[in-house]
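Below is one structure; the comments refer to it alone.
The values are calculated or read from the model by the stated rules, or taken from the named source; none is laboratory data. The structure displayed is predicted, hence computed values, not measured ones. Here the Cβ positions follow ideal geometry from the backbone for every residue, glycine too, while neighbour counts run over all protein chains shown.
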Amino acid sequence: MPVLLALAAVAILIPVRPSSDARVVDRRTHVATLALQGLAVFAICIYGGYFGAAAGVLLLALFLRMTATTLPQANARKNVILGSANGVAAVIFAVAAPVQWGAVAVLGLGCLVGGRLGPIVVRHAPDRPLRLAIGVAGLALAVKLGLDAYL
């Protein structure tokens with residue numbers, strides 16, 4: 001996982017240059033790309049629902065690399081998809097596992113505040129410094145997870 005997270009962080013750090021030529025992509029290639037993207041989103045959501053660490057960075061990197069979207073658009077997609085995945089996971093865990101409800105309340109409050117403030121920051125912050133901050137934070141988390149796993 002730390003290696004995958006580090007690759008995603010680097011993918012966010014590397015600027016996406018829009019293609020200057022308007023190449024026409026055939027239908028099969030487009031369908032294959034959408035299928036690959038859907039499979040990757042599904043895998044990240046399963047991982048994110050169970051473990052959660054850096055699933056947002058992985059999805060953000062995926063959307064920035066595989067779609068022609070801006071950082072705020074990719075972030076909005078990420079929020080909706082991970083919100084849904086985490087909601088499903090929360091219901092499953094609440095039914096099938098013991099839950100520390102005090103911790104749920106604190107985490108839920110943090111999610112509500114971050115969910116409200118995060119999109120505002122992404123819409124108003126300059127793209128380059130924000131990408132740099134996300135990429136550096138992703139690399140730092142990858143190093144931490146790697147050290148925790150291998151030491």
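Considering (1) at pLDDT 90 or above; (2) out of contact with any Lys or Arg (no Cβ under 7 Å at 6 or more places or on another chain); (3) surrounded by 12 or more Cβ atoms within 10 Å (Cβ to Cβ), say which one Gly118 fails and leave the rest. Among (1) at pLDDT 90 or above; (2) out of contact with any Lys or Arg (no Cβ under 7 Å at 6 or more places or on another chain); (3) surrounded by 12 or more Cβ atoms within 10 Å (Cβ to Cβ), Gly118 violates only (1).
Val95 fulfils the conditions (1) surrounded by 13 or more Cβ atoms within 10 Å (Cβ to Cβ); (2) assigned to a helix (DSSP H, G or I) except for a single criterion, (1).
Leu132 passes every criterion in (1) in a helix (DSSP H, G or I); (2) farther than 19 Å from Ile14 by Cβ apart from (2).
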